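All remarks here apply to the structure that follows.
The values are calculated or read from the model by the stated rules, or taken from the named source; none is laboratory data. Everything quoted here is computed from the prediction, not taken from an experiment. Here the Cβ positions follow ideal geometry from the backbone for every residue, glycine too, while neighbour counts run over all protein chains shown.
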Amino acid sequence: MANQTRLLLQKQEARTEKETTKMKRVFLEVLPEQRRQASTIIAFMNNKGGVGKTSLSLAFGLTMARKNKNVLFWDNDGQSNLTQRLGITDNMLLERRVNVAFTLAPIAGSREPIRNLPFILDYPYFMRYRGSTGKAGHIALMAGSHDAETDANATFDKLNRNPRDYKNIFDFFKQTVDFYRNYFDYIIIDTAPALEGNILNQMSVRAADNVIVPIDALEAALGIEQLVKWIAGEASHAITGRVMPPNLLFAIVKYTKDTGNKKEARNTIDIDDRLRNNVYRAIQSVFGEYVCESGVKAKPSLKSKVTFRKTDFDAVVNELEQKLENKARPNFYTIWNIEKADELRNSLEAIAETNIAKKPVFKNPKYTL
Ligand SMILES: Nc1ncnc2c1ncn2[C@@H]1O[C@H](COP(=O)(O)OP(=O)(O)OP(=O)(O)O)[C@@H](O)[C@H]1O
Ligand SMILES: [Mg+2]
């Protein structure tokens, strides 16, 4: 790719309450060679909903932009929460001021990746937290749309019915995302809480170099085995031609109250804390260095007890960044095997059984008609 190639972005101007959003055209230069080589595609995934995929992907991307990296947020969830949290409204989408992540029907027929993106460096939260240097990387968004999954399915069906015109939409997605490696240090794909049958998630996993799996508690942990197997299947050599599936990291997220008061902590640690601690320990003992644990705080006074601290996103994100940069850590799938799966399943099932024995799932249910 010639160095003078520029990517058209639309810059969303900082706005006051009264002002309507203005967009202006901005061009992004291709990254220097070294940064292009290091550019990475990260999918945030968990088929369990509400675990913090969107929150963590946003925190990660913004932190990297504050470190002067160019970040492309790619919203592959039909709920479009990432798009919404970046301040892009439905009206802006309707007015076609923003590109939708993957309106596959037109894209599949074209060989060209989308070349203009909204550029949202000035969005209010970012300005507030940008820091004293005032320097920051570029942020762009490939917006989500509730029609994206339907469009993807329709295109897929159409392509399958017309083998003569068949264009592998998965390859196309990969090529499109890869095109943006030239301009962005991080391409962050937020995904829907779904696995089987979700084409946008299939594309995400096949394109990603890394998958970050937020885990908040037992239910999210119980889904790990299925998720890990699904990712390996989707990204398998036969389908994608890649040598290894994406590398995986688990991020323990969410928190309980941590007042720092030892006595109080000893007295108030309740069954939920114990449950979460046990879940954390089970995952940590099976996956070791593949677990990002900055969201967990060891309590030395309580010896073996740990608690989840109020999420210090900076700490979690920094740990993720370090782990992502550590090339000495082998791909997750080199350590994943039947024994690991059994070990994880057995320890989580033991935790689930203990929990069910101690605490009814439905406390004082009341049914009224
Ligand atoms: N680390 C955290 N600590 C406490 N609350 C959190 C944390 N991360 C997210 N939340 C809250 O949990 C809820 C769900 O978060 P989020 O939308 O990021 O999850 P998600 O996995 O993207 O959900 P979905 O599956 O619907 O896409 C939100 O209300 C969010 O504010
Ligand atoms: Mg989400």
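Applying the criterion of being within 16 Å of ligand 1 (Cβ to nearest atom) and at pLDDT below 85 to the residues of segment 248-275, the residue that is nearest to the chain's Cα centre (by Cα) is K254. Please determine, by comparing only the residues of segment 230-247 that are among the hydrophobic types (A, V, I, L, M, F, W, C) and over 19 Å from the mean Cα position of the chain (by Cα), which one is modelled with the highest pLDDT. Among those that are among the hydrophobic types (A, V, I, L, M, F, W, C) and over 19 Å from the mean Cα position of the chain (by Cα), it is M244. Among the residues in segment 177-188, are any on the phi < 0 side of the Ramachandran plot, within 16 Å of ligand 1 (Cβ to nearest atom) and at pLDDT 80 or above? Yes: segment 177-188 contains one or more residues that are on the phi < 0 side of the Ramachandran plot, within 16 Å of ligand 1 (Cβ to nearest atom) and at pLDDT 80 or above. Among the listed residues I187, I231, which satisfies the condition of being farther than 12 Å from K48 by Cβ and not in a helix (DSSP H, G or I)? When all the criteria are applied, what remains is I187.
Counting only helices (runs of 4 or more DSSP H) that sit completely within segment 46-95, those holding 2 or more residues that are in contact (Cβ under 8 Å) with a residue 40 or more places away in the chain and within 13 Å of ligand 2 (Cβ to nearest atom) correspond to 53-66, 81-85.
Looking at segment 35-56, which of its residues are among the β-branched types (V, I, T) and near ligand 1 (Cβ under 9 Å from one of its atoms)?
V51, T54
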